[in-house]
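S.K.: Quick one: this structure, given as C-alpha cells, is what I'll be asking you about.
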Amino acid sequence: MKKITFLLAALLPALLPNVAAAEGDWAFTGKVGTMGLGAEFTTRLADTANLRFGLNGWDLDSSRKEKGVDYDATFRQRSASLIGDMFPIQDSVFRLSLGIFYNDNRLDMTAKPNHGGNYEFQGDTYTAAQIGTLTGRLTVNKASPYLGVGWGNAFAKERGWSFALDVGALYQGKPKFALSSNSAYCNANATCQTDIANQQQETESDMRSWRWYPVVSAGAAFRF
C-alpha cells in the first residue's frame with residue numbers, strides 16, 4: 001500500500017498540466033455515503049479518464065461496548081480525496097478508480113460506569129470517582145490509499161445532470177487506540193494504570209478490522 005501512495009504522489013505533478021488544459025471542462029458532484037456528506041469537482045483528462053478532487057465530513061453519535069465497558073462514542077469523519085477514474089469499456093459509464101485520501105477520521109469515546117456506578121477492568125473493580133473521566137480515541141493513517149469501482153461519467157453528455165455511484169475500500173493501516181483517565185487516584189495507582197493499559201491494548205486488537213474501511217456513496221453530478 002505504501003508503494004501505491006508514493007506512486008500517486010509521483011504522478012500528481014504530471015497530471016496537473018492536463019487539468020489546467022481542461023479549459024473549464026468541470027463537473028460538480030454532491031454525494032452521501034459511508035464517508036459522510038461529500039462534494040467533488042471532476043475534470044476530464046482524456047476520453048477514458050477523469051480526475052476527482054473531493055471533501056467529505058460528518059459526525060455520528062452512537063453507543064458502543066468494548067471489552068465489557070460501555071461508551072458514548074462520536075465517529076468524526078473528515079477527509080479529502082484525489083481519485084483517478086478510468087473507463088475501460090467504450091461508451092460505458094463503468095469505471096475503475098484508484099486514489100489517495102487525507103484521512104482525518106477518528107472515533108472519540110467516553111466511558112460510562114455500569115448500573116452499580118463502577119468500572120470493571122481486567123477483573124478489578126473501581127468506583128466512578130476512582131476512574132474519573134475515562135476517554136478513548138481511535139485514529140488511523142492520515143494517508144489512506146483507495147481502490148474501487150463506480151458507475152457514472154459526468155462527461156458522458158454535453159451538459160446537465162448525471163448519477164454517480166462508488167463502491168470501494170480505504171486502507172487505513174493498523175488502527176491506534178489511546179485510553180486515559182483524568183483521575184489523580186488512577187494516575188497514581190500502579191494497578192489501575194496497568195489495568196487501563198491492558199484494556200487499551202485489548203480494545204485496539206479487537207478494532208483491527210478498521211484497517212479496511214468500506215466506501216460506498218451515491219450522488220448527483222452536474223457538468224458545467
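S.K.: Within segment 150-170, can one find any residue that is in contact (Cβ under 8 Å) with a residue 60 or more places away in the chain, among the aromatic types (Phe, Trp, Tyr), surrounded by 14 or more Cβ atoms within 10 Å (Cβ to Cβ) and in contact with a Phe, Trp or Tyr (Cβ under 8 Å, 6 or more places away or on another chain)?
M.R.: No, that holds for no residue.
S.K.: In addition: In segment 191-203, how many are in contact with a Leu (Cβ under 8 Å, 6 or more places away or on another chain) and more than 14 Å from Gly123 (Cα to Cα)?
M.R.: Number satisfying all stated conditions: 2.
S.K.: Next question, about the same structure. Please determine whether any residue of segment 155-166 is over 27 Å from Asp25 (Cβ atoms), in contact with a strand residue (DSSP E or B) (Cβ under 8 Å, 6 or more places away or on another chain) and of a type outside the set (Gly, Ala, Ser).
M.R.: No; the residues of segment 155-166 include none that is over 27 Å from Asp25 (Cβ atoms), in contact with a strand residue (DSSP E or B) (Cβ under 8 Å, 6 or more places away or on another chain) and of a type outside the set (Gly, Ala, Ser).
S.K.: Now for a different question. Which of the numbered conditions does Gln122 fail, given that it passes all the others? Conditions: (1) of a type in the set (S, T, N, Q); (2) in contact (Cβ under 8 Å) with a residue 24 or more places away in the chain; (3) at negative phi; (4) surrounded by fewer than 18 Cβ atoms within 10 Å (Cβ to Cβ).
M.R.: Every condition holds for Gln122 apart from (3).
S.K.: Within the set of pairs 6 or more residues apart or between chains, which connect a residue that is touching a residue at least 60 places away in the same chain (Cβ under 8 Å) and closer than 13 Å to Glu40 by Cβ inside segment 204-220 to a residue that is loosely packed, with under 14 Cβ neighbours inside 10 Å and of a type in the set (Gly, Ala, Ser) with Cβ atoms less than 7 Å apart?
M.R.: The qualifying pairs are Gly219/Gly30; Ala220/Gly30.
S.K.: Would you call Ala184 crowded, with 17+ Cβ neighbours inside 10 Å and more than 14 Å from Tyr213 (Cα to Cα)?
M.R.: no
S.K.: Considering only segment 124-224, give the strands (runs of 3 or more DSSP E) lying wholly within it that have at least 3 residues that are under 22 Å from Arg78 (Cβ atoms).
M.R.: Correct list: 134-139, 143-151, 160-171, 176-181, 212-223.
S.K.: Only residues that are of a type in the set (A, V, I, L, M, F, W, C) and touching a Leu at 6+ places or on another chain (Cβ under 7 Å): list them for segment 148-162, please.
M.R.: Answer for segment 148-162, where residues must be of a type in the set (A, V, I, L, M, F, W, C) and touching a Leu at 6+ places or on another chain (Cβ under 7 Å): Val149, Trp151.
S.K.: Separate question: For segment 58-77, which residues satisfy the criterion of being in contact with an Asp or Glu (Cβ under 9 Å, 6 or more places away or on another chain) and free of Cβ contacts under 8 Å to residues at least 40 places away in the same chain?
M.R.: Of everything in segment 58-77, those that are in contact with an Asp or Glu (Cβ under 9 Å, 6 or more places away or on another chain) and free of Cβ contacts under 8 Å to residues at least 40 places away in the same chain turn out to be Asp61, Ser62, Ser63, Ala73, Thr74, Phe75, Arg76.
S.K.: So, one more: Out of segment 46-69, which residues are surrounded by fewer than 17 Cβ atoms within 10 Å (Cβ to Cβ) and farther than 21 Å from Ala218 by Cβ?
M.R.: Ala46, Asp47, Thr48, Ala49, Asp61, Ser62, Ser63, Arg64, Lys65, Lys67, Gly68
S.K.: For the subset of segment 88-121 comprising residues that are in a strand (DSSP E or B) and of a type in the set (Val, Ile, Thr), which member is farthest from the chain's Cα centre (by Cα)? Break it down stepwise before answering.
M.R.: Filtering segment 88-121 down to residues in a strand (DSSP E or B) leaves 94-103, 106-112, 118-121.
Retained after the next criterion (residues that are of a type in the set (Val, Ile, Thr)): 100, 110.
On the way: Ile100: 11, Thr110: 20 Å.
Here the answer is Thr110.
FYI, it's all coordinate maths here, none of it is from the lab. All figures in this text were calculated on a predicted structure; none of them were measured in a lab. All Cβ positions, even for glycine, are placed from backbone atoms using ideal geometry, and neighbour counts span all protein chains on display.
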